[in-house]
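*Asks:* Questions regarding the structure given below will be posed in turn.
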Amino acid sequence: MALVWSDEKRKIQKGKKNNVYNTETMLPISEIRGNTLVLKDKWLRAVIKVTGLNIDLKNYDEQQATVEQYKRFLNGLDFPIQILVRNNYLELSDYIWYMKDHVKVIGNDALKRQGEWYIDFLININSQQGLIFVKEFYIIIPYYSLEADTENVRKSRWRKFADALSRQETPEKIIERYRSFVKYEKFLDTRSSVVIEGLRWVGMFAERLWVADLISLMFNEYNPDSHKDQATMSN
């Protein structure tokens, strides 16, 4: 009986050990509160989505003015930022359904056939994902306490990854993260406002992402193939 109990105990302990590192453990994000990402290390992140600016459409003087204003914006920041550029394929499903609804009510047979050929052309492009890409621009704004700011910025990517793996959730850490959020959220809001206003002077529109957009961004970032599979099924 003691031998059987010992074997069962070893199996349980082995199962616990194997489940230490799972998908949730790999993610540095603990939760999303409103428009703020709360990381497992208790510090905060804001994500700003920025519309691109085609500088080639401007004349020489306007180009120089834009570049100088952008330099002033970057040099005026007293905190670190991360610029993220994502290449996403252009999803045409909604536009295809829009065209189908409008083409089917066309009375002219010749125009209707042209519309149907155009829809078939769009469906063909949409089925071959990756033919058309669009760029998305984001600015990630961190907030650490003053004493931890320099230390966290200097950490290597592998060191941050190792720190994330070594963290185990406890009630004390959850409470500590909540207190950190309440205490430092206003400082992150100030930084976000500085970035948004600075980009506005450059001529770029910027807005801070809220919970639904943050969830969508994080899901697509960590599951790059899922969105494509869903689009293919919908077609």
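The values are calculated or read from the model by the stated rules, or taken from the named source; none is laboratory data. Remember, predicted model here, so these are calculated numbers, not experimental data. Because the Cβ atoms are built from the backbone with ideal geometry, glycine has one as well, and the counts that use them run over all protein chains shown.
*Asks:* Please enumerate the residues belonging to the range 204-228 that are modelled with pLDDT under 90 and in contact with a Phe, Trp or Tyr (Cβ under 9 Å, 6 or more places away or on another chain).
*Replies:* 217, 226, 227, 228, listed by residue number.
*Asks:* Sort out for me the strands (runs of 3 or more DSSP E) sitting completely within the range 27-119 that have 3 or more residues that are touching a residue at least 60 places away in the same chain (Cβ under 8 Å), farther than 30 Å from residue 203 by Cβ and not assigned by TED's automatic domain parsing to the domain that holds residue 205.
*Replies:* Here the list reads 29-33.
*Asks:* (1) among the polar types (S, T, N, Q); (2) farther than 23 Å from residue 86 by Cβ; (3) at pLDDT 80 or above: which one isn't true of residue 145, the others all being true?
*Replies:* For residue 145, the failing item is (3).
*Asks:* Say whether the condition of being without any contact (Cβ under 8 Å) to a residue 40 or more places away in the chain and either over 30 Å from residue 44 (Cβ atoms) or surrounded by 13 or more Cβ atoms within 10 Å (Cβ to Cβ) (or both) is met by at least one residue in the range 127-135.
*Replies:* Taking the range 127-135 as the starting set, the residues that turn out to be without any contact (Cβ under 8 Å) to a residue 40 or more places away in the chain are 128.
Next, only the ones that are either over 30 Å from residue 44 (Cβ atoms) or surrounded by 13 or more Cβ atoms within 10 Å (Cβ to Cβ) (or both) stay: 128.
The answer is yes; a qualifying residue exists.
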